Every structure is written in structure tokens, then in C-alpha cells.
Amino acid sequence: MSRVLVIGGGAAGMMSAIIAARNGHEVHLYEKNEKLGKKLFITGKGRCNVTNAGDMDTLFNSVTSNPKFLYSAFYSFTNEQVMDLFEELGVPLKVERGNRVFPVSDHSSDVISALNRELRRLGVKVNLHTEVKKVVAAGNDQGAEPGIVSENTDRNKEQTMPGFQKIILSNGTEITGDACIVATGGVSYVSTGSTGDGYRFAEETGHRVTKLMPSLVPMEVKEWYARKLQGLSLRNINAVIYDGKKKLYEEFGEMLFTHYGVSGPIIISASSKMGKKLQEKELRLRIDLKPALTSEQLDQRILRDFEENRNRQFKNAVDKLFPAKLKPIMLELSGISGEKKVNEISKEERLKFGMLIKNFEMTLTGLRGYNEAIITKGGVSVKDIDPGTMESKKVKGLYFIGEVLDLDALTGGFNLQIAWSTAAAAGNAV
Ligand SMILES: Cc1cc2nc3c(=O)[nH]c(=O)nc-3n(C[C@H](O)[C@H](O)[C@H](O)COP(=O)(O)OP(=O)(O)OC[C@H]3O[C@@H](n4cnc5c(N)ncnc54)[C@H](O)[C@@H]3O)c2cc1C
């Protein structure tokens, strides 16, 4: 039986504590908040999209950073096993659109309560209001650089590799253990406790941390009209994001205008794929408001509307084409005077108007910040972590799991699956 210290009582930390305790270890969990699972509580708009019931290909294809690293972890603790575990813990689940799995109750609090109950049943020592300040590797308080080796053999590496020694709490208390699992999350939604401490622990013990950035996050738009559209939700549209002429991303679905720019499912997913590019330069967003119609079909449709309103003004002839909030913007961008009689509009003007409906464009200037980001991209480099066990390759007995690692996925339950699977890998290895 080992003495296992878990830092962070979020999704990953709670799960690893449960698995380690089920394996017979003495487990101590340290959480700086007054309760466990603060971020878990707000997941899935308070309903907690626990995992995704898709097949393995879907799981891997939905991971945006380092999917190959997750091969062993995903197969060792699958989405099916996650679902079975929650059902066993008394949380009946249901599968919704896109294979998203939620508690039948629609309450994330049920997921947290079930994990809490299991921690208690297993005798895990949960320490709330307890912030870990430092992780110390044996023989090197300042940072675990490998010792001097005469020859670069695996055996020498093994002999000289530092091992986990102790954690130091903010109040100065030092706690030793056989293993330490760092599950401190990322830096998004800081109010939930994710303040990025784990990145510091990693760096101070000799690990690489890749560049961090907000992901699954809304985007800012340059043009004045985006702000005017605040609150407007567009459904069944096609969005394409371009870097110059190069198409970077295309998706059909739903998006939303906000006071700073754009959000909603299409935009959030796009941020995961091309957010890095957007941090370097401005990109173009092109929205097709009528993707079900070809340009010719749309022109026929506009012609029909114009025929029905021959003697009316242009501004009174386009009501059926788009939502009311969009009308003044489209009229202005069309370059056609709203007062112009429909029967005076030239074919060229009409075709240009159709083009505008299929190519409503704006400039994306950047990503919103961490406090609006569902996930942090980047983190502890997976190159320094064993994918089978989540143990550090630099410090024996030190493990990193969940969002603190350089792993992230699209929305749909995949990020929590990463937390559960990496947690199980560590919980089974300690
Ligand atoms: C609004 C929102 C909605 C989301 N919805 C979903 C969803 O429906 N489905 C999905 O799959 N994913 C969702 N996610 C992502 C998901 O919440 C994360 O991927 C997941 O919570 C990561 O788990 P974690 O345990 O690694 O980190 P966290 O859940 O962030 O837990 C880290 C814990 O460590 C504690 N901690 C940090 N530093 C210290 C320290 N020094 N000492 C002690 N404790 C410390 C923190 O207080 C925190 O409790 C959502 C995220 C957000 C922000």
C-alpha cells in the first residue's frame, strides 16, 4: 500500500483518488476551494456532459492536441467504462444529440455528489481549503535536473532520476508521500480554482510546459455591424474561415453575435482548430446565410420576393429573407438605397445582393480571454509523460493528469473523458 497525494479536487483529481483508493492505497486529496468539483458544477451549462458515447474513432478524432498520446488511456478506461462507473455510483445517464452523455437528472451536482460519496466510502482523506504551494522532488528542492551520469545508459538514468519527495502547503506544512498526482487543471474560468499552479509545479520539477492559450472560446470581430447584431443567433448557416485565400475551417450549424464579436457552437469549435493562427493574424469569416440554396436558386427566390413586391420600396421587400435584426445591416451592405422601388433595381444589383447573402463577411481579430474559454490549450508537455501511466519521465512517482496536460478536445464530453481516462491511468499505476 502506498501513500498517494492528489493535488486538485476537480474531475481528474477525484477520479484518480477513487481509483487509487479502490486499488488499496492510502489517498490524501488536497483542494484549495471550500468544496470539490467547482468547475465540474458549471460544465454542460450545469448539466455536465460527462462523456461522449461515440465510438473510439470519434473520441480520437475529437481530440485536437496530441490524440495519439491518449491511445492507451482511452482504451484502458473507455467512455463505456465511465458510463458504467457513474451508473454504478447511482447516477443514471442518458445520451443526447451528438452522443453527448448527461445525467438523467440534468444536474451536474449529482455527478459531484456521487464522486464525493465514493471518496468518503473509500476513506480518502479530503482536505478542503488546502492550497499546495510547492512540489518537491527528492534530492533537488530547486528543480529536478537529472543527476550527473558517467554513461547515458537507461540504468544510469533510472538510478539518477529524481523521485517525488513531498508537497508543501501554503501554510508551510510539509507532507511526504510515495506518489503525487497533479490534477490542478488549466487557467480558464479562474474563479473555479484553476489558477495554473500545476504548470509551475511541472516547471519547477524540470518539465517542459508548452505555450498556453484559451480554446473553445468566442472571437472578436472588427466590423461595426457585428456589435449591432448582438444577441442574434443564426441557425443552419455555413461558416468558412479564411487566411487570405486559404480555407482553414468550414462548418455548418449555429452561431451567435455578441457585444464583441461572435460565439456559438461553430465559432467555439473553430477556435480549437485555428485559434493559434488567429493569435498571429487577422482572419476572414464568411457566412453563407442560405447554404441550402445555390446562387441561382437564391436569385430565383429573391426574384419571386421582388415580383410579389414590385411597387414597394427595397427595404419593405426583403423581410422574408433574413431575421429582422439583420435587415438594416444587409440593406446598408448591399449598397442599394432602401427607398429604391423594387422594380427599379437592376439585375446586377440583385445578383450582388444575392452574393452578399451567400458571402456575409467579417474580420476576426482575436480570441476572447481565459475567463470565457472552456478549456486551456497547451500545458505539461506529453513528451515528458508516460502515456500508459501518466507518470513523469523526469521525476519518479510524480504524475500529471487532466487539463494540466497538453491535451484538449472539442466540446461534446471529450474533455471530461480525457480527465477520467488520464485519472484512471494514474490511479491504476501508483
Ligand atoms: C463553462 C465550462 C463548461 C464545460 N463543459 C464541459 C462539458 O460539458 N463536458 C466536458 O467534457 N468538458 C467540459 N468542460 C471542460 C472540463 O470542465 C475540464 O476539461 C475539466 O474540468 C478538467 O478537469 P481537471 O480535473 O483537469 O481540472 P479542474 O476541473 O479545473 O480541477 C482542478 C482543481 O484543482 C484545484 N487546484 C488548483 N491548484 C491547486 C493548488 N495549488 N492546491 C490545491 N488545489 C488546487 C482547483 O481548485 C480545481 O478544483 C467545461 C469547461 C468550462 C469552463
**Prompt:** What helices (runs of 4 or more DSSP H) completely inside the stretch 244-344 contain at least 3 residues that are open to solvent by 80 Å² or more (accessible area, probe 1.4 Å) and in contact (Cβ under 8 Å) with a residue 60 or more places away in the chain?
**Reply:** 265-280
**Prompt:** Are any residues in the stretch 10-64 near the ligand (Cβ under 9 Å from one of its atoms), over 30 Å from residue 175 (Cβ atoms) and polar (S, T, N, Q), and if so, which ones?
**Reply:** 49, 51, 52
**Prompt:** How many residues are under 29 Å from residue 165 (Cα atoms), within 8 Å of the ligand (Cβ to nearest atom) and either open to solvent by 10 Å² or more (accessible area, probe 1.4 Å) or of a type outside the set (A, V, I, L, M) (or both) when one looks only at the stretch 394-415?
**Reply:** 2
**Message:** Looking at the stretch 372-393 only, could you name the residues that are away from the ligand (no atom under 14 Å from the Cβ) and not in a strand (DSSP E or B)?
**Reply:** 381, 382, 383, 384, 386, 387, 388, 389, 393
**Complete:** Apart from one, (1) in contact with a Phe, Trp or Tyr (Cβ under 9 Å, 6 or more places away or on another chain); (2) over 22 Å from residue 33 (Cβ atoms) all hold for residue 215; the odd one out is (1)
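Per-residue answers, yes or no, for (1) of a type in the set (S, T, N, Q); (2) modelled with pLDDT under 95; (3) assigned to a helix (DSSP H, G or I); (4) over 18 Å from residue 408 (Cα atoms):
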| residue | (1), (2), (3), (4) |
| --- | --- |
| 6 | no, no, no, yes |
| 19 | no, no, yes, yes |
| 35 | no, no, no, yes |
| 48 | no, no, no, no |
| 61 | yes, no, yes, no |
| 72 | yes, no, yes, no |
| 85 | no, no, yes, yes |
| 109 | yes, no, yes, yes |
**Residue, nearest to the ligand (Cβ to nearest atom), within the stretch 189-207, restricted to residues that are open to solvent by less than 30 Å² (accessible area, probe 1.4 Å) and in a loop (DSSP other than H, G, I, E, B)** = 193
**Asked** How many of the residues in the stretch 211-225 are farther than 25 Å from residue 188 by Cα and open to solvent by less than 50 Å² (accessible area, probe 1.4 Å)?
**Response** 2
**Cβ-Cβ under 9 Å pairs, at least 6 apart or on other chains, the stretch 160-186 side at positive phi, far side hydroxyl-bearing (Ser, Thr, Tyr)** = 185/192; 185/194; 185/195; 185/376
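The values are calculated or read from the model by the stated rules, or taken from the named source; none is laboratory data. For clarity, every value in this text was computed on a predicted model and none was experimentally measured. Note that we place each Cβ from the backbone using ideal geometry, even for glycine, and neighbour counts take in every protein chain shown. Heads up: the accessible areas ignore ligands, DNA and RNA and are worked out on the full protein's heavy atoms, side chains in. Shrake-Rupley method; radii C 1.70, N 1.55, O 1.52, S 1.80 Å.
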